[in-house]
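Below you'll find the structure, written out as structure tokens, and then a few comments.
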Amino acid sequence: MNITHKKLIAVIAISIASGTVFARTANTNTLQLAQAEESNYPILPSFTSTKTRAEVKAELQQAREKGLIAVTDSEYPKLPVVTSSKTRALVKTELEQSKASGEFKRLETEQYSG
């Protein structure tokens with residue numbers, strides 16, 4: 001074991017053995033971390049809401065309607081319906097023209113060249 005590993009192990013051992021407690025005080029609010037043997041989650045001061053449940057639900061509904069709520073994997077946002085102004089035949093024609101002119105190959109090489 002080299003010296004770097006020994007120093008690292010010593011630092012970890014001292015940190016665990018000391019049961020590190022951090023505290024921050026501001027007026028009456030105190031934020032502490034639980035003892036090392038318990039957990040590393042903060043011990044938060046008690047919280048008293050200034051809004052009713054109905055008010056919170058109404059704000060949540062408004063945020064959903066505005067699209068401000070983060071979406072989970074099982075819920076996707078409703079995307080606007082997009083309609084093309086080109087027909088399928090026109091798109092196929094443009095593709096063939098792009099291939100004939102070499103533009104398609106150039107763009108493909110540019111995109112996948114890394």
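The values are calculated or read from the model by the stated rules, or taken from the named source; none is laboratory data. The shown structure was predicted, so the numbers you read here are calculated from the model rather than taken from an experiment. Using ideal geometry, Cβ is built from the backbone for each residue, glycine included, and neighbour counts are taken over all protein chains shown.
Residue pairs whose Cβ atoms lie under 7 Å apart, sitting 6 or more positions apart in sequence or on different chains, and linking a residue in segment 74-95 that is over 22 Å from Leu107 (Cβ atoms) to a partner that is modelled with pLDDT of 90 or more and surrounded by 10 or more Cβ atoms within 10 Å (Cβ to Cβ), do not occur here. What do you reckon, is Gln111 modelled with pLDDT under 90, assigned to a helix (DSSP H, G or I) and either of a type outside the set (Asp, Glu) or in contact with a strand residue (DSSP E or B) (Cβ under 8 Å, 6 or more places away or on another chain) (or both)? Taking the combined requirement at face value, the residue satisfies it.
Across segment 1-58, the qualifying residues are those that are assigned to a helix (DSSP H, G or I) and among the polar types (S, T, N, Q), and the one among them that is modelled with the highest pLDDT is Thr4. Tell me, please, whether a residue that is at pLDDT 80 or above and not aliphatic (A, V, I, L, M) can be found in segment 67-78. Scanning segment 67-78, I find at least one residue that is at pLDDT 80 or above and not aliphatic (A, V, I, L, M), so the answer is yes.
Anything in segment 88-109 that is at negative phi and of a type in the set (Gly, Ala, Ser)? List them, or say none. Across segment 88-109, the qualifying residues are Ala89, Ser98, Ala100, Ser101. Selection within segment 84-108: residues that are at pLDDT 90 or above and among the polar types (S, T, N, Q). The member of this set that is surrounded by the fewest Cβ atoms within 10 Å (Cβ to Cβ) is Ser85.
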